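The block underneath contains the structure these notes are about, expressed in structure tokens.
The values are calculated or read from the model by the stated rules, or taken from the named source; none is laboratory data. No experiment lies behind these values; they were computed from the predicted model shown. As a convention, Cβ positions derive from the backbone with ideal geometry for all residues, glycine included, and neighbour counts pool all protein chains shown. Accessible surface areas use protein heavy atoms only, side chains included; no ligands, DNA or RNA. Shrake-Rupley method; radii C 1.70, N 1.55, O 1.52, S 1.80 Å.
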Amino acid sequence: MEVKDQQNEVLSMLDTAKTQLYHLKAVVISGMGFFTDSYDLFCISLVTKLLGRIYYHVPGSSKPGSLPPSVACAVNGVALCGTLAGQLFFGWLGDKLGRKRVYGLTLILMVGCSICSGLSFGNSPTTVMATLCFFRFWLGFGIGGDYPLSATIMAEYSNKKNRGAFIASVFAMQGFGILAGGLVTLVISSIFRVLYHAEPYSVDPLGSTVPQADYVWRIILMFGAVPAALTFYSRMKMPETPRYTALVAKDQSKACQDMAKVLNLEIKEQSQDNKSSSFGLFSKEFLRRHGKHLLGTAMCWLLLDIAYYSQNLFQKDIFSAVGWLPSASSMSALDELFRIARAQTLIALCGTIPGYWVTVVLIDRIGRLAVQLIGFFFMTVFMLALAAPYHHWIRPENNIGFIVMYALTFFFANFGPNATTFVVPVEIFPARFRSTCHGISAAAGKLGAIIGAFGFLYAAQNQDPAKADPGYPAGIGMQNALYVLAAINVIGFFFTFLVPESKGKSLEEMSRENEVELEEQSSMV
């Protein structure tokens, strides 16, 4: 058997292999990383109001303390900045050194920085916030590496029949991470509420935030180290993906050995051929073949995350706007934390998690593009349905309807582009650029998240300066912000058409790697 034939047999057997125990183990190992990622990224939105009460209390004020705008932006956004940098760096490193060799580094960063996020140097607000922001940047850096590496590893081990479901299952663990953030916060805040009772702010402004509340936010952030630490050993035992070994490292013997370990397959080893395709990333040839695809995956992810993170990080403010949460002055600090966590848990259960798993079930049946187009379309519909009669929805008697409509936007984000933008970039690019291109696409998404997170802080403020949050200028208001987000979803809908459908096709067929080698061979004749 020639080397080329042997390589084709390796790849063909990967594509046609039946679903085995290792596939499920890979979903769990990779998925637990995403469970931790989402827990760490979204739990900060639960504790920001608590941080404001603890460190920015203003004696004599009628309202509890809140984070100044610049501090709120830093605390909410610094991990997203770190994630963007990590996606680019580890995506590139995963193609240079191999997926497995850098996979453990991301977990080490996540474990260490989760723990350190709950620590602080000094007691002043400035030192506590500076410490928190420093470690959350590097926490985000580790989280960023998990995106391209987990997606690429899962894609390169999957068969072509169920590949979309496997990759989407890894990403779907994000929903459970968001749910875990809400549940952990509910448990911790409940325990401290029982042990340290406090009166509402309106009754006792200073006593409404008990000193022990300073432990609560630290415990919640540090808990993120637990799931990451539990999967470290399993990650280190994973072999390199046969596709990387065969197509990038050009080690056919090792590829055969790795396949035998994990998929119970056996291929006779042959001599090796270290010749590789010549064109590089962002070369004219790459841009000719894949430039439009990279633009499509990056722009769809960017636009989706502007809308998604605008809602997700600041949903507590929307709950307050519709009266689902009482006024801050009518609650103690821990009561407010408990109610915010309960709201996030409800949204996760009703909208976020179901959307992810509907995608898992349908993505290999109706295709990636159909799921993404359906998602963008209905996100637009429900945001317009929220925005147009906004003053109807914010009446007390219509609050439950508002929450249901709001949950449906999350459902169609997750049964839609929030899942497919993660899946598609690892299916359509060549193996030697796969992790890098996924990292670039994901980084574009995090740029969108930063725009959404920072911009929404200001944009959603009331148009009346007197009704804006303390320290914020007047914004365009929640209604107009929803109109803007709906328009962004429409643009994402049309960018989807730049991306090819990968349902039922092998990774090599989508990336056209076989075409590249045939063209290079013909040019040598």
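Over the Cα atoms of segment 42-177, compute the convex hull volume and normalise it per residue, giving Å³. Working shown, then result.
Numbers: hull volume 15.1 nm³, N = 136.
Hull volume normalised by residue count: 111 Å³.
Keeping the other protein chains in place, figure out the carbon and sulfur percent of the accessible area of the chain, with a 1.4 Å probe.
66
Pop out the ³J(HN,Hα) list for segment 233-243 in order, Karplus 6.51 cos²θ - 1.76 cosθ + 1.60 with θ = phi - 60°, rounded to Hz; leave Gly and Pro as x.
4, 5, 5, 5, 8, 5, x, 5, 5, x, 5
Short version: ³J(HN,Hα) in whole Hz for each residue of segment 217-226, in order, from phi by Karplus 6.51 cos²θ - 1.76 cosθ + 1.60 (θ = phi - 60°), x for Gly and Pro, what are they?
Going residue by residue, I get 5, 5, 5, 4, 5, 6, 4, x, 6, 5 Hz, with x marking Gly and Pro.
Return one whole number: the accessible area per residue of segment 89-238 in Å², for a 1.4 Å probe.
Roughly 38 Å² per residue, with all protein chains present.
Rank L294, L386, Q174 by how far each Cα sits towards the positive end of the charge dipole of the chain (+1 on Lys, Arg Cβ; -1 on Asp, Glu Cβ) and give me just the farthest.
So the residue we want is Q174.
Is the C-alpha gyration tensor of segment 447-500 telling us rounded, prolate or oblate? Criteria: a/c under 1.5 is rounded; beyond that, a/b larger than b/c is prolate, otherwise oblate.
Details: a/c = 6.35, a/b = 2.44, b/c = 2.61.
It comes out oblate by the Cα gyration axes.
Please report, in Å, the Rg and the Dmax of the chain, where both are computed over Cα atoms only.
Reported Rg and Dmax, both Å: 24.0, 87.
Could you pull out the pairs from K25/K237; K25/K250; K160/K250 whose alpha carbons sit more than 19 Å apart here?
On the way: K25/K237 12 Å; K25/K250 26 Å; K160/K250 22 Å.
Violating the 19 Å Cα-Cα cut-off are K25/K250; K160/K250.
Please give me the summed charge of the neighbours of G164: other residues whose Cβ is under 11 Å from its Cβ, Lys and Arg +1, Asp and Glu -1.
Summing Lys and Arg as +1 and Asp and Glu as -1 gives +4.
For segment 80-87, what does the Karplus curve 6.51 cos²θ - 1.76 cosθ + 1.60, with θ = phi - 60°, yield as ³J(HN,Hα) per residue in whole Hz, taken in order and with x for Gly and Pro?
Working through the residues one at a time gives 5, 5, x, 4, 4, 5, x, 5 Hz.
Within 10 Å, at most 15 other Cβ atoms, and a DSSP state outside H, G, I, E, B define an exposed site. Report the longest part of the chain free of exposed chymotrypsin sites (Phe, Trp or Tyr not before Pro). Before the final figure, lay out each step's value.
On the way: sites that count: F121, Y196, F282.
Here the longest segment lacking exposed loop sites spans 283-525.
For segment 321-432, report the accessible area per residue in Å² (1.4 Å probe, heavy atoms, rounded to an integer).
With the other protein chains kept in place, segment 321-432 gives 31 Å² per residue.
Over its Cα atoms, what ratio of radius of gyration to 2.2 N^0.38 Å does segment 414-463 give?
On the way: Rg = 14.6 Å, N = 50, 2.2 N^0.38 = 9.7 Å.
It is 1.50.
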